[in-house]
Structure formats: structure tokens, C-alpha cells
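The values are calculated or read from the model by the stated rules, or taken from the named source; none is laboratory data. Keep in mind it's a predicted model, so treat the numbers as computed, not measured. A quick note on method: Cβ atoms are made from the backbone with ideal geometry, for glycine too, and the neighbour counts reach across all protein chains shown. Keep in mind that these areas ignore ligands, DNA and RNA; they rest on the heavy atoms of the full protein, side chains included. Shrake-Rupley method; radii C 1.70, N 1.55, O 1.52, S 1.80 Å.
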Amino acid sequence: MKTKIRVITGLHIGGSDDTMKIGGIDSSVVKREIYANEDGSINYDGTGKKVTEPYIPGSSLKGKIRSLLEHSFGLIREQKQILGEKAGKPIDSKFADKLNDEKLQKKAHLIITLFGESAGSGDTKNTKITRAIFRDCFLTKESRKLYLENKIALSEEKAENTINRVNATANPRFIERVPAGIEFDFEVILRKFAEDENLPLAKTLELGLKLLENDALGGGGSRGNGKIEFAKYQKEDRDITEEINVLMREIEESL
């Protein structure tokens, strides 16, 4: 699947902060350096304008979508009951084998098949090849061109305060965000094998993308950051909750 990710509210996916400046950004976004032509295309021979631009790591997308699916399938709730304080890690085959409910066990193996599991943490008899491949998402050519023409910015500074409830003193910090309106190219690959014929992998992946639209990507989601949308799914009079419910029912019926 290829489409675009649109940033609806400021997006913060943290990068490395090598230096700390007084009065500067406390938490920057992940970035890369490229050379760009006037039309927004990338020049790989080192000529053109040098641009430091934000991007969305595929690992951030994969991790958040997997987490949302595990929660929506009821697997995290079950993990807490079975593992107690050891709960919290991505589910694996060892955990799936502990499930007494057959439907939950099928959901667990569906997640493991789609997203994989860490080496040595699960079933050593059966090889689990990850089916979903999430590419890093880079700026669209159009967004990069707008930046080169000084029509948009690629980052913004947002001040956040922690307020002491007793003496009302503020402890400000400054985070960097990708501004609303920026677009990234999105691509996810779904590997298909003969043994996957009866598994609803594509529907599960689609469900994960819609759950992400209904949630938030990156840090500070509960504070307004990270609302995104996939251009592929946008239409008038859209009811995303109903779309999610329909996919959930279809997945349930196919397991």
C-alpha cells in the first residue's frame, strides 16, 4: 500500500539531543539530512540545497499499530492477568500458548504472524517471518518544495508547563514538533505466503491503520499532539468508528 500521511496536529517523534542549550529545545524530533532540487526532488550526488528535514521512522508506526491491535483484541488485558508485573512486552508465542480461550489464541498468533517476534522469545520449532514491512516515511516532494519556497516551516516550537498544584509554580519545557499540514509518503508491504491464505492479515493491517487515525502517533497524544490521517481513507461523511467496528467483526468471523 502506498499513500500519504497528513499531519493534522503537531507531531513529535523524538530524536537524539546531542547538545542542550539554555532556552532552547528540550526534546527535538528525529531528522535526516538530504540535498534537494528546486522542484522538491532529492539529489543523491550531493548538489542542490542541503535540507535537514523530519521523517517518521517505520519502527514508530509498526510499534504503535501493533500496540493498538493488541489492546483492541483484548490481549493486553489477558497478558496482565497471566503475567502480572511481567506484562507489558509485545506478545509472543510463549504467551499465546498460555491462553485458554481458543479465539484469543488465534488473535495472538495473527498478531505474531503479521508483526513477528523477537528471536529466542517464542516458538523455536516454527519459523515466524514478519509479514508487514513498514518503510520509513519521508517528506513528500510537494511538502519539500513548499519548504524550499519558504511557504511552510518543517518544525515548530511548543512550550509545555508542569504546574505545581500546591504553590502554582510552573516548570516549562520546550519540545519540537512537525507542524500541521506537512505530508509524508507512506508505504507498507504485506508479504503473502501459501499458509496465510485463510488469515485476515490485510484486514488486520487496515484495522491497525484506522485505529492509529483514531488515536495518536508519537509523544504527547493526550496533550493534542500526533493526530494524523491516511489520504487513502479520507472521504466525505466518514464514520471511522463504524469502519473500525466493521473490520473487527469481519476479523472475528474469519478466525
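The sole residue among Leu146, Leu154, Leu139, Leu201 that is at pLDDT 95 or above and within 30 Å of Met248 (Cα to Cα) is Leu201. Please indicate, with yes or no, whether at least one residue in the range 39-58 is at pLDDT 95 or above, assigned to a helix (DSSP H, G or I) and under 30 Å from Glu142 (Cα atoms). Yes, there is a match, as at least one residue in the range 39-58 is at pLDDT 95 or above, assigned to a helix (DSSP H, G or I) and under 30 Å from Glu142 (Cα atoms). In the range 140-151, the residues that are over 21 Å from Glu187 (Cα atoms) reach residues that are assigned to a loop (DSSP other than H, G, I, E, B) and of a type in the set (S, T, N, Q) with C-beta atoms within less than 9 angstrom, at least six apart or across chains, in these pairs: Leu148/Asn37.
Filtered by the rule that a residue be surrounded by fewer than 17 Cβ atoms within 10 Å (Cβ to Cβ) and not hydroxyl-bearing (Ser, Thr, Tyr), the range 46-56 gives Gly46, Gly48, Lys49, Lys50.
Checked against (1) part of a helix (DSSP H, G or I); (2) under 20 Å from His12 (Cα atoms), Glu176 passes all but a single condition, namely (1). Considering Lys210, Lys235, Lys192, the condition of being open to solvent by 10 Å² or more (accessible area, probe 1.4 Å) and in a helix (DSSP H, G or I) is satisfied by Lys210 alone. Would you mind stating whether Glu243 is without any contact (Cβ under 8 Å) to a residue 60 or more places away in the chain, surrounded by 16 or more Cβ atoms within 10 Å (Cβ to Cβ) and not hydrophobic (A, V, I, L, M, F, W, C)? Spelling it out, Glu243 is indeed without any contact (Cβ under 8 Å) to a residue 60 or more places away in the chain, surrounded by 16 or more Cβ atoms within 10 Å (Cβ to Cβ) and not hydrophobic (A, V, I, L, M, F, W, C). Residue by residue through the range 172-182, note down the ones that are at pLDDT 95 or above and surrounded by fewer than 20 Cβ atoms within 10 Å (Cβ to Cβ). Listed by number, the residues that qualify are Pro179, Ala180, Gly181.
Is it true that some residue in the range 196-207 is surrounded by 11 or more Cβ atoms within 10 Å (Cβ to Cβ) and within 17 Å of Pro54 (Cβ to Cβ)? Scanning the range 196-207, I find no residue that is surrounded by 11 or more Cβ atoms within 10 Å (Cβ to Cβ) and within 17 Å of Pro54 (Cβ to Cβ), so the answer is no. Restricting the range 218-235 to residues that are of a type outside the set (Asp, Glu) and within 17 Å of Thr3 (Cα to Cα), the residue that is modelled with the lowest pLDDT is Lys235.
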